[in-house]
Amino acid sequence: MRFHIITIFPEAFDSYLKESIIGRAIEAKKIKVLFYNPLSYCKPKERVDGRPYGGGPGMVLRPEVFIKSIEKALAKIAKSFPRSLEGGQPDHRKTSVNLRKVKIINFSPSGKKFDTAYAKTSAKKYTDIIMISGRYEGIDARVNKIFKAEDISIGDYVLTGGELPAMVLLDSISRQIPGVLGTYESLEEERISSSEVYTRPEILKYKNKNYKVPKVLLSGNHKLIEEWKNKTKE
Ligand code: SAH
């Protein structure tokens, strides 16, 4: 799976992508993350944002530089799908890549709510996901119309930018890709996962009080343990 991220703040991703499971998935080439910065398409002294038509506070990200960034991502994808090109010409303006396997996502607090089911489907269905991260008041709405991007929300709150949502999707979709989680962790995934988990010590002392691990988890009785996990399911 390749994630193509359109953002004016690519450095915001640096440390997260290096760590733990996602870091290892990139190293093992299970996933690939590519960045496209609309700022690099601004002419010298040209701004990436403009005042909103109809008034109001906040700035709107200009469409042209986002269009160029998305086209660049599509061209990159087209190169890797040579046989799906119409007439053999890499005309990405017609977005002639195999669109059934490419998803374009735009982030918006009022979009369709992202969940595990969406992550699972995406991991199976797509080879490439383009994610467009907005800032300020968002991106000129014509970008969405041109590329038929789907508006996705990660929750009912407003963030300052689409970088965190892009990381949320990248993380959640990646762990659905075979081989990204270790064998042990993926086995865990198929089992009932509880929101209440415990490790050593069996009795934790804190301010003169004892906090014990629920007895059932020490019982070795798998049936009872599964029942308990079901009750505390995520
Ligand atoms: N004026 C916009 C909010 C812009 S917030 C509106 O009312 O819809 C700036 C950017 O942050 C958005 O373009 C989007 O990319 C991102 N964003 C903020 N909250 C989000 C959420 N809950 N889910 C997904 N993206 C979000």
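The values are calculated or read from the model by the stated rules, or taken from the named source; none is laboratory data. Note that the structure is predicted; figures quoted are calculated from it, not measured. Cβ coordinates were reconstructed from backbone atoms using ideal geometry, including for glycine residues, and neighbour counts include every protein chain displayed.
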Exercise. From the residues in segment 111-136 that are near the ligand (Cβ under 10 Å from one of its atoms) and part of a loop (DSSP other than H, G, I, E, B), which one is surrounded by the fewest Cβ atoms within 10 Å (Cβ to Cβ)?
Worked result: 136
Seminar exercise, completed: The number of residues in segment 137-158 that are out of contact with any helix residue (DSSP H, G or I) (no Cβ under 7 Å at 6 or more places or on another chain), of a type outside the set (D, E, K, R) and within 6 Å of the ligand (Cβ to nearest atom) is 5
Exercise. Looking at residue 103, is it more than 8 Å from the ligand (Cβ to nearest atom), surrounded by fewer than 14 Cβ atoms within 10 Å (Cβ to Cβ), assigned by TED's automatic domain parsing to the domain that holds residue 35 and more than 11 Å from the chain's Cα centre (by Cα)?
Worked result: no
Exercise. Which condition number in (1) of a type outside the set (Ser, Thr, Tyr); (2) surrounded by 12 or more Cβ atoms within 10 Å (Cβ to Cβ); (3) on the phi > 0 side of the Ramachandran plot is the one that residue 60 fails?
Worked result: (3)
Exercise. Got at least one residue in segment 125-139 being out of contact with any strand residue (DSSP E or B) (no Cβ under 6 Å at 6 or more places or on another chain) and either outside the structural domain of residue 108 (by TED's automatic domain parsing) or more than 22 Å from residue 48 (Cα to Cα) (or both)?
Worked result: yes
Problem set entry | Count of segment 220-234 residues which are without any contact (Cβ under 8 Å) to a residue 12 or more places away in the chain and under 11 Å from residue 196 (Cα atoms) | 1
